[in-house]
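Each value in this text was obtained by applying a stated rule to the coordinates, not by laboratory testing. In this text, all values refer to a predicted model and were calculated from it rather than measured experimentally. Glycine gets a Cβ as well: all are built from the backbone with ideal geometry, and neighbour counts include every protein chain shown.
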Amino acid sequence: MLNLFRRLWNGETESVTTAAFIVGAASLASRLVGVFRDRVLASTFGAGDTLDAYYAAFRIPDFLYNLVILGALSAAFIPVFTEYLENDKREAWRLAERVLSVVGAAMLVLCAVLFVAAPWLVPPTVPGFLGDKLALTVSLSRIMLLSTFFLALSAVMGGILQATRRFVAFSLAPVFYNLGIIVGVIFFVPNFGPIGLGWGVVLGAALHLFTQVSVAYRLGLERLPVPSFHHEGVRRILRLMAPRTIGLAMMQINLVVLVGLASTLAVGSVAVLNLAMNLQYVPVGIFGISFAVAAFPALSRAASAQNKEAFRHALNGTARKIIFLLLPSMALMLILRAQVVRLVLGQGQFDWNDTIRTADALAIFSFSLLSQALVPLFSRSFFALQNTVTPLWIGAVSEGTNIALALLFREPLGLNGLVLAFTIASWISIALLWWRLRASQGRLGTAGVWISFRTTLVATVVLCAFAVPVRILVGSIWPLRTFWQVALQAGAAAAAGLLGFWVTSWLLQSRELSELREAFIRKLWKRGEVLEGADAAQGH
């Protein structure tokens, strides 16, 4: 058993679908732990001042992390590192070492500067916060900057693991991150007060790093050189990184604006916005991000070889599976939004009013799940082609639309107006990405994708026809006052809906249902490609 675990932990995964299963299963575990994390936070503090400060404190550390790190890795490091691996493995590892040292040094300097400047930088991001609430936000932001340093190093390790198709440790790292936050709430807060929330985030980030280091350093990393920009690969990464960094800067500014607008609304609006966003992101993370991450190495290899057929195959096959999984997720999220919020967050200080506000936001978010899940795939398609400019201007249009609509909708619709603006902007983003990718690559062969969409849409309508009556029926029999009564209603409705979806998909001979079922069986019972890749890795 221990030997099997080591093979899975260190082994290479060749198949996109198998890799997506690994990433998806780990993402599911991470989301479940994340849901428990939010439940612990909500029950301990409610949608009030402390939780408002906690979520607002993430903005500056997240801004730095997304700006400097995600810009380099998602847009530049993985494609360039993959190209080096194909041509000169030894030089590829020297590149990875150099990137690691540069990132570490840069983040140390930037975190130190932001730590000193936090008292002046935080207040403009939360204009509605005053007094102790503002002071707590500043203190938490300073502590969380240390977590940003750990996550930056971990992101480089994660890029190495993705490029070499070692998905297990990469996928499980977020689980340990969330566990660290939970430890902070349960153990640090009683001893240190609300400031313990920040130290929980730091612990989670350290665990995130060490999880990936355990595999990355066995693959080829040998030393940590003096930071330098003289390596040609580092300079290429920086050139590719620049447009993506600007795009992410706009995205982070957009989030800062949304939090700032929410801070001027009723107390708890920042907390409700973040809690609803975390809940709606569960299916996006499990399905959309998992498949996009799994497909990225295949897209990069196809683009590097200028194999358009392989590129289209990877893109369309992944898009079909995302659509197949996200359409029913959208329907269930909309139908069971109040039950989901009550089950996940409805405890302790999180009262019924908080539940209703969060459920209303979740209902609007649910209409953007499919677009949110497809955006990472299409963005990575451009990154694989080493084109970071197109996603930049599309991101600018999307984020600008989001801010403009948020300002327009805030007064008449309140918090729900901010969520509606986010949803509209998300659909604009995916429409523009598809349009430009088709224009640059010619016909994408998406006829099969549209056929799949129509089949899945019919099955999703059947899901609704099964789930809604069951939800109403169970609600008319039991008063739905306890956790288990609400869980019974949600579980029965979801089971009925998914049964209708599965039967309809089977009757319509859904290609995605067959592919996912075969991959699942191969993964569980035949142990297939994961162990073959692991054996090869052990031999190496």
Discussion item. Net charge around N278, counting only other residues with Cβ within less than 10 Å of its Cβ (Lys, Arg = +1; Asp, Glu = -1)?
Written reply: +1
Response to the item:
For the stretch 126-192, listing chymotrypsin sites (Phe, Trp or Tyr not before Pro) in a DSSP loop whose Cβ sees at most 16 other Cβ atoms within 10 Å gives none
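As an exercise, use a Förster radius of 41 Å and the Cβ-Cβ distance of T264 and A105 to find the FRET efficiency, rounded to the nearest 0.05.
Numbers: r = 38 Å, r/R0 = 0.94.
After rounding, the FRET efficiency stands at 0.60.
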Item to complete: Over the Cα atoms of the chain, compute the convex hull volume and normalise it per residue, giving Å³.
Response: 150
Fill in: For the stretch 363-461: rounded, prolate or oblate by the Cα gyration tensor [a/c cutoff 1.5]
oblate
Worksheet item: So which trypsin sites (Lys or Arg not before Pro) in the stretch 372-472 pass both tests, a DSSP loop state and at most 13 other Cβ atoms within 10 Å of the Cβ?
Response: R443
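Answer rounded, prolate or oblate for the stretch 86-137, using the Cα gyration tensor with square roots of eigenvalues a ≥ b ≥ c: rounded when a/c is under 1.5, else prolate when a/b is larger than b/c, else oblate.
Taking the square roots of the gyration eigenvalues as a ≥ b ≥ c, the stretch 86-137 is prolate.
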Worksheet item: Which ³J(HN,Hα) values in Hz, rounded to whole numbers, follow from the phi angles of the stretch 38-48 under the Karplus curve 6.51 cos²θ - 1.76 cosθ + 1.60, where θ = phi - 60° and Gly and Pro get x?
Response: 5, 5, 5, 4, 5, 5, 7, 10, x, 7, x
Worksheet entry | Summed residue charge, Cβ within 15 Å of F324's Cβ, Lys/Arg positive, Asp/Glu negative | +2
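Expressed as a rounded percentage, what relative contact order does the stretch 49-246 have, with Cα pairs under 8 Å and six or more residues apart?
This gives 35 percent for the stretch 49-246.
If R₀ is 25 angstrom, what is the calculated FRET efficiency for the pair V461 and S514, using the beta carbon separation as r and rounding to 0.05?
Numbers: r = 21 Å, r/R0 = 0.83.
Between V461 and S514 the formula returns 0.75.
I need to check one value: relative contact order of the chain, counting alpha carbon pairs closer than 8 Å and at least 6 residues apart, in percent. Walk me through the numbers on the way to the answer.
Working: 839 pairs, mean separation 123.2, N = 540.
For the chain, the relative contact order is 23 percent.
Can you give the calculated 222 nm mean residue ellipticity of the chain, where each DSSP H run of n ≥ 4 adds -39,500 (n - 2.57) and the sum is split over every residue, rounded to the nearest 500 deg cm²/dmol?
Numbers: 23 runs with 441 residues, N = 540.
Calculated from helices alone, the mean residue ellipticity at 222 nm is -28000 deg cm²/dmol.
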Practice prompt. Describe numerically, in nm with one decimal, the distance between label points set 7 Å from Cα along Cα→Cβ at A310 and at A396.
Written response: 3.4
Item to complete: DSSP loop (so not H, G, I, E, B), at most 11 other Cβ within 10 Å: list which chymotrypsin sites (Phe, Trp or Tyr not before Pro) in the stretch 194-274 pass both filters.
Response: F229
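Once you list every other residue whose beta carbon is under 13 Å from the beta carbon of T358, what net charge do they have if Lys and Arg are +1 and Asp and Glu are -1?
Numbers: positive: R39, R337, R342, R357; negative: D38, D351, D354, D360.
Overall, the nearby charge balance is 0.
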Discussion item. Return the Rg/Rh ratio of the stretch 255-359 with Cα-based radii and a Kirkwood Rh.
Written reply: 1.15
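Under the rule a/c < 1.5 gives rounded, and otherwise a/b versus b/c splits prolate from oblate, where does the stretch 49-246 land using the Cα gyration tensor?
On the way: a/c = 2.65, a/b = 1.73, b/c = 1.54.
Taking the square roots of the gyration eigenvalues as a ≥ b ≥ c, the stretch 49-246 is prolate.
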